[in-house]
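A.B. asks: Can you keep this structure in mind? I'll have questions shortly.
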Amino acid sequence: MSEESDILPTRQSMGGISDQLTGIPLYFPAERRWLIAMLFASALLLLLLVSAIELFARGVGIWGINIPVNWAFAIHNYVWWLGIGHAGTLISALLLLTGSEWRNSLNRFAETMTLFAVVCAGIYPILHLGRPWYVYWMFPYPATMGVWPQFRSPLEWDIWAVMTYLTVSLAFWYTGLIPDLAAARDRATRRGWQIFFGITALGWRGSARHWLRWSQTYRLMAGLAVPLVVSVHSEVSLLFAAGQIPGWHSTIFPPYFVLGAAFSGFAVVSIIAVALRSWFGLENLVTDDHLDVLGKVLLATGLMTAYGYVFEVFDALYSGEEHELQTLADRCTGAYAWTYWGAVIFNFIPLQALWWRLVRRTGWMLLLISVSVAIGMWLERYMILVTSLYRDFLVSSWSHFTPTFWDWSTYFGTIGLFLVPFLIAIRLIPMISISETKELLHEEKEEKHG
């Protein structure tokens with residue numbers, strides 16, 4: 001194997017990789033930039049807190065929801081955040097099971113992104129309740145009155161989907177982190193770091209038995225996590241497809257939503273990869289080859305999502321159903337046509353540049369295309385919700401939806417809810433898997449010199 005075809009440059013040493021990655025939390029090299037980012041994220045988180053207090057005090061009437069548009073930003077952003085969280089599991093679990101070596105430099109921050117994106121998604125159904133202090137009613141707790149949750153309710157599906165996905169993702173993330181926590185523990189010189197990493201490493205000593213049990217557990221959890229990617233977002237799509245609303249009632253929604261989730265998730269992974277690569281000088285670990293593969297995957301999932309757009313149009317035209325045709329016309333030429341065409345333009349026009357290898361391997365170009373996709377997928381969720389609801393079956397109940405300040409403040413606040421713990425994670429743990437990266441480098445060296 002020539003060095004040009006290696007995923008990682010083989011000139012670097014495995015000890016150097018450990019020192020480089022454990023040195024980020026132990027001797028944080030970007031303190032000032034981190035503090036600036038944390039101040040910005042904390043301001044957004046404070047905005048979420050103020051928005052939630054206002055919501056609890058005055059009720060969901062502070063949002064722009066009405067009849068018939070009684071689902072809007074809350075469910076729209078719930079689906080958007082949950083979709084973003086799916087790429088972490090795909091990169092980590094699916095590619096681990098298939099033996100894709102390029103995942104090793106990306107899986108850790110992708111998994112971390114998944115955890116906090118799912119938290120941002122999970123907070124929306126609770127806020128949308130209007131009385132979130134009664135959220136425990138949706139859990140099957142022993143009720144003396146014999147009142148149990150309504151398991152045919154889509155809101156109940158949300159609770160189980162989010163809780164299951166968050167639990168498995170957290171366990172999978174922490175299992176993969178244990179050997180790296182032990183590596184940081186062994187290199188720590190300050191007593192505080194020694195205690196922190198010593199406790200979180202769970203007594204890891206790197207024995208053959210430890211590695212055997214760890215490998216078995218890691219792959220078993222990956223096998224559990226992969227079906228969750230499909231099942232959880234398929235459940236989210238059924239929130240819509242199970243209804244009779246034109247524009248929602250379609251059998252293509254489960255695969256359409258899963259592919260759209262992967263599309264938006266890989267876009268955000270690309271944004272984080274380019275940002276961390278530049279921020280911490282990780283060009284030797286997150287190489288141009290990694291960006292190249294991310295660009296290819298982003299292009300592939302984008303084309304699959306585009307097929308969903310085409311099939312939606314075909315499905316409406318083929319059915320000949322009057323309400324479906326009216327909804328299609330509204331999306332293309334109605335009051336919210338800007339959301340439909342905005343989604344098409346942002347999702348698929350800049351994406352075509354990824355056919356060129358130079359674009360895929362240029363960090364800032366991949367970053368701009370990924371930001372465009374994240375915006376496009378947000379517009380797509382808005383379009384699916386509002387254009388299907390604002391004109392329902394009764395002309396007398398037609399209405400328009402206009403988001404209020406509190407809609408926007410809650411949304412931007414959840415970005416702070418995502419960024420604050422993510423920045424803390426960057427500060428406390430190695431954001432690239434040390435053990436798996438060293439294993440890949442060892443295999444490349446062996447193959448090169450064998």
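A.B. asks: Near the amide H of THR404, under 5 Å away, which other amide H atoms are found, from residues 5 or more places off or on another chain, if H is placed in the peptide plane?
C.D. replies: Distant-sequence amide H within range of THR404: GLY64.
A.B. asks: Mean Kyte-Doolittle of at least -0.5 plus a Cα span of 15 Å or more along the axis: flag which DSSP H helices in the chain meet both, please.
C.D. replies: Span-like helices here: 14-26, 31-58, 73-84, 107-128, 154-187, 208-241, 253-280, 288-319, 337-348, 363-389, 405-428.
A.B. asks: With a 1.4 Å probe and all protein chains left in place, how much of the accessible area of the chain comes from carbon and sulfur atoms, in whole percent?
C.D. replies: Carbon with sulfur: 68 percent of the solvent-accessible area.
A.B. asks: [x] 40, 26, 20; [y] 48, 25, 21; [z] 34, 26, 19: which one is semi-axes √(5λ) of the Cα gyration tensor in Å as calculated from this entry?
C.D. replies: After the calculation, the listed value that fits is [x].
A.B. asks: Moving to a separate point now. So what is the accessible area of the range 96-228 per residue, in Å², with the probe set to 1.4 Å?
C.D. replies: Heavy-atom accessible area per residue stands at 51 Å².
A.B. asks: Let me ask another. Out of the chymotrypsin sites (Phe, Trp or Tyr not before Pro) in the range 371-419, which ones are loop residues according to DSSP with at most 16 other C-beta atoms within 10 Å? Each step should come with its number before you reach the end.
C.D. replies: On the way: sites: TRP378, TYR382, TYR390, PHE393, TRP398, PHE401, PHE405, TRP406, TRP408, TYR411, PHE412, PHE418; in loops: TYR390, PHE393, TRP398, PHE401.
Counting only loop positions with at most 16 other Cβ atoms within 10 Å, the chymotrypsin sites (Phe, Trp or Tyr not before Pro) in the range 371-419 are PHE393, TRP398.
A.B. asks: Counting only heavy atoms of the protein chains, get the accessible area per residue of the range 241-296 (1.4 Å probe) and round it to a whole Å² value.
C.D. replies: 28 Å²
A.B. asks: Write out the chymotrypsin sites (Phe, Trp or Tyr not before Pro) in the range 80-168 meeting two conditions: DSSP loop, and at most 16 other Cβ atoms within 10 Å of their Cβ. Present the calculation step by step, with values, prior to reporting the outcome.
C.D. replies: Details: sites: TRP80, TRP81, TRP102, PHE109, PHE116, TRP133, TYR134, TYR136, TRP137, PHE151, TRP157, TRP160, TYR165; in loops: PHE151.
Here the chymotrypsin sites (Phe, Trp or Tyr not before Pro) that fit, given the DSSP loop and packing criteria, are PHE151.
A.B. asks: Taking the Cα centre of the range 182-278 as origin, work out the dipole magnitude from +1 charges on Lys and Arg Cβ and -1 charges on Asp and Glu Cβ, in debye rounded to 20.
C.D. replies: 800 debye
A.B. asks: Please report, in debye to the nearest 20, how large the charge dipole of the range 50-175 is about its Cα centre when each Lys and Arg carries +1 at its beta carbon and each Asp and Glu carries -1 there. Working shown, then result.
C.D. replies: Numbers: 5 positive and 5 negative charges, 24 e Å.
So the dipole magnitude of the range 50-175 works out to roughly 120 debye.
The values are calculated or read from the model by the stated rules, or taken from the named source; none is laboratory data. None of these values were measured; they are calculated from a predicted model. Neighbour counts are summed over all protein chains in view; Cβ atoms, including those assigned to glycine, are modelled from backbone coordinates with ideal geometry. For accessibility, only protein heavy atoms count, side chains too; no ligands or nucleic acids. Shrake-Rupley method; radii C 1.70, N 1.55, O 1.52, S 1.80 Å.
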